[in-house]
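*Asks:* One structure, pasted below without further comment.
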Amino acid sequence: MNKNKKDKEFYSVDVGDSTFTVLKRYQNLRPIGSGAQGIVCSAYDQTLDRNVAIKKLSRPFQNQTHAKRAYRELVLMKYVNHKNIIGLLNVFSPQKSLEEFQDVYLVMELMDANLCQVIQMELDHERLSYLLYQMLCGIKHLHSAGIIHRDLKPSNIVVKSDCTLKILDFGLARTAATGLLMTPYVVTRYYRAPEVILGMGYQANDIDQWNKVIEQLGTPSQDFLMKLNQSVRTYVENRPRYAGYTFEKLFPDVLFPADSDHNKLKASQARDLLSKMLVIDASKRISVDEALQHPYINVWYDPAEVEAPPPKIPDKHLDEREHTVEEWKDLIYKEVTEWEEWTKNGVIKGQPPPLAQVQQ
Ligand code: AMP
């Protein structure tokens with residue numbers, strides 16, 4: 001693109017401590033959240049005549065961790081298309097060449113709140129089960145492409161006031177899990193799965209986390225211990241022994257709406273599902289497919305949502321990639337310019353063309 005022309009398409013606006021330099025079609029920027037990678041704003045998109053969310057990734061290639069995360073997020077968001085996964089509407093960089101390249105802006109569908117805010121509210125079983133159903137549909141879709149999110153937590157799940165839900169963020173996603181213990185990467189502590197905690201190499205924090213799990217659920221059985229490698233097993237065996245609590249104690253009726261017989265039935269179904277999900281041994285834990293069939297959830301079952309064809313991710317080595325900062329810069333820049341080419345060629349505005357066309 002002609003450099004002067006590109007200059008004219010952008011304007012800058014201060015948002016908190018940061019400056020957003022965005023296409024003029026995006027107006028009324030307001031900060032709505034921030035995460036590990038940067039600030040997120042809401043904006044009005046004059047071209048699509050709708051509100052959107054814009055996330056700024058500042059110098060995403062600045063180090064290996066940032067770069068890998070940004071590249072994964074960009075690639076996965078481009079190809080994953082499911083109603084319970086946040087959709088990408090546009091990608092742009094205000095810089096005009098690889099040499100000047102600094103920032104990437106991701107434009108997404110705008111949602112109303114994240115789950116941290118929603119879990120403060122008193123929700124009925126209809127809403128609770130519908131939110132859970134949608135999370136499971138989104139997770140199943142990711143799993144169908146071999147993608148494991150690894151960072152699912154309330155701030156990564158966003159909802160609209162009509163109770164629709166989408167999963168955000170693919171940064172820590174990793175294609176295919178192997179073995180019992182997953183690589184320990186950064187997963188927010190409180191939501192770590194037991195196998196992730198045990199994979200951490202147990203520093204003080206993780207001991208605390210593991211203790212919390214066994215205090216509630218009880219010391220795991222001998223056959224679980226036998227599946228652990230020697231050093232992890234020694235650690236687990238040397239923890240204090242706990243009997244754990246029943247799920248009636250952990251999740252009593254008062255925690256659920258239980259004012260009618262219908263609600264009492266739903267509360268016991270919810271408790272049953274929790275007792276199958278909160279299982280230390282991952283091989284005995286309910287699977288996503290089984291959870292979708294559970295009576296608390298299956299009232300919402302719609303094959304079009306649950307059994308959507310798996311996304312085709314062209315980069316099969318997304319996770320194994322190791323590059324220098326300069327190579328990452330080049331790779332990320334290529335992803336951004338490829339998107340700009342797609343949209344310039346007049347496919348649906350702001351939407352990627354069908355895969356078949358891209359792969360020609
Ligand atoms: P992230 O950097 O992607 O982790 O996002 C940080 C926070 O910004 C999230 O916890 C949400 O509160 C908010 N956020 C991110 N993306 C969106 C979106 N598409 N719609 C509404 N809020 C969002």
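*Asks:* When you go through Leu152, Leu128 one by one, which is the residue that is open to solvent by 50 Å² or more (accessible area, probe 1.4 Å), at negative phi, hydrophobic (A, V, I, L, M, F, W, C) and in a loop (DSSP other than H, G, I, E, B)?
*Replies:* On the way: Leu128 fails: in a loop (DSSP other than H, G, I, E, B).
So the residue among Leu152, Leu128 that is open to solvent by 50 Å² or more (accessible area, probe 1.4 Å), at negative phi, hydrophobic (A, V, I, L, M, F, W, C) and in a loop (DSSP other than H, G, I, E, B) is Leu152.
*Asks:* Sticking with this one: Which of the residues belonging to segment 198-208 are modelled with pLDDT under 75 and either assigned to a loop (DSSP other than H, G, I, E, B) or within 14 Å of Asn229 (Cα to Cα) (or both)?
*Replies:* Selection gives Gly199, Met200, Gly201, Tyr202, Gln203.
*Asks:* Right, another one. Need at least 1 residues that are hydrophobic (A, V, I, L, M, F, W, C) and surrounded by fewer than 16 Cβ atoms within 10 Å (Cβ to Cβ) per element, so show me which helices (runs of 4 or more DSSP H) inside segment 254-326 make the cut, counting only ones lying wholly within it.
*Replies:* Values: elements: 261-277, 288-293, 303-306.
Those helices (runs of 4 or more DSSP H) span 261-277, 303-306.
*Asks:* Would you point out the residue of segment 14-46, among those that are in a loop (DSSP other than H, G, I, E, B) and at pLDDT 95 or above, that is surrounded by the fewest Cβ atoms within 10 Å (Cβ to Cβ)? Talk me through it step by step, then tell me what you get.
*Replies:* Taking segment 14-46 as the starting set, the residues that turn out to be in a loop (DSSP other than H, G, I, E, B) are 16-17, 24-25, 36-37, 46.
With at pLDDT 95 or above added as a condition, the list becomes 24-25, 46.
Numbers: Lys24: 11, Arg25: 17, Gln46: 13.
For segment 14-46, the residue satisfying everything is Lys24.
*Asks:* Counting only residues that are open to solvent by 80 Å² or more (accessible area, probe 1.4 Å) and either assigned to a strand (DSSP E or B) or among the hydrophobic types (A, V, I, L, M, F, W, C) (or both), which one in segment 47-56 is farthest from the ligand (Cβ to nearest atom)?
*Replies:* Of segment 47-56, the ones open to solvent by 80 Å² or more (accessible area, probe 1.4 Å) are 49-51.
Adding the requirement that they be either assigned to a strand (DSSP E or B) or among the hydrophobic types (A, V, I, L, M, F, W, C) (or both) leaves 50-51.
Numbers: Arg50: 12, Asn51: 9 Å.
This residue is Arg50.
*Asks:* Oh, and also: Taking the criterion of being β-branched (Val, Ile, Thr) and open to solvent by 50 Å² or more (accessible area, probe 1.4 Å), would at least one residue in segment 238-253 satisfy it? Quick ask: steps written out before the conclusion?
*Replies:* Residues of segment 238-253 that are β-branched (Val, Ile, Thr), as a first pass: 246.
After this cut, where a residue has to be open to solvent by 50 Å² or more (accessible area, probe 1.4 Å) as well, the list is 246.
For segment 238-253, residues β-branched (Val, Ile, Thr) and open to solvent by 50 Å² or more (accessible area, probe 1.4 Å): present.
*Asks:* May I ask you to say which residue of Asn81, Asn90 is crowded, with 21+ Cβ neighbours inside 10 Å, polar (S, T, N, Q) and touching a residue at least 40 places away in the same chain (Cβ under 8 Å)?
*Replies:* On the way: Asn81 fails: crowded, with 21+ Cβ neighbours inside 10 Å.
Result of the check over Asn81, Asn90: Asn90.
*Asks:* Moving to a separate point now. Can you pull out the residues in segment 136-156 that are within 16 Å of the ligand (Cβ to nearest atom), within 20 Å of Lys312 (Cα to Cα) and of a type in the set (Gly, Ala, Ser)?
*Replies:* Residue satisfying the conditions is Gly138 alone.
The values are calculated or read from the model by the stated rules, or taken from the named source; none is laboratory data. Small disclaimer: the values here were computed from a predicted structure and weren't measured. FYI the Cβ positions are ideal-geometry reconstructions off the backbone, even for glycines, and counts take in every protein chain you see. These area figures cover heavy atoms from the full protein model, side chains too; ligands, DNA and RNA do not enter into them. Shrake-Rupley method; radii C 1.70, N 1.55, O 1.52, S 1.80 Å.
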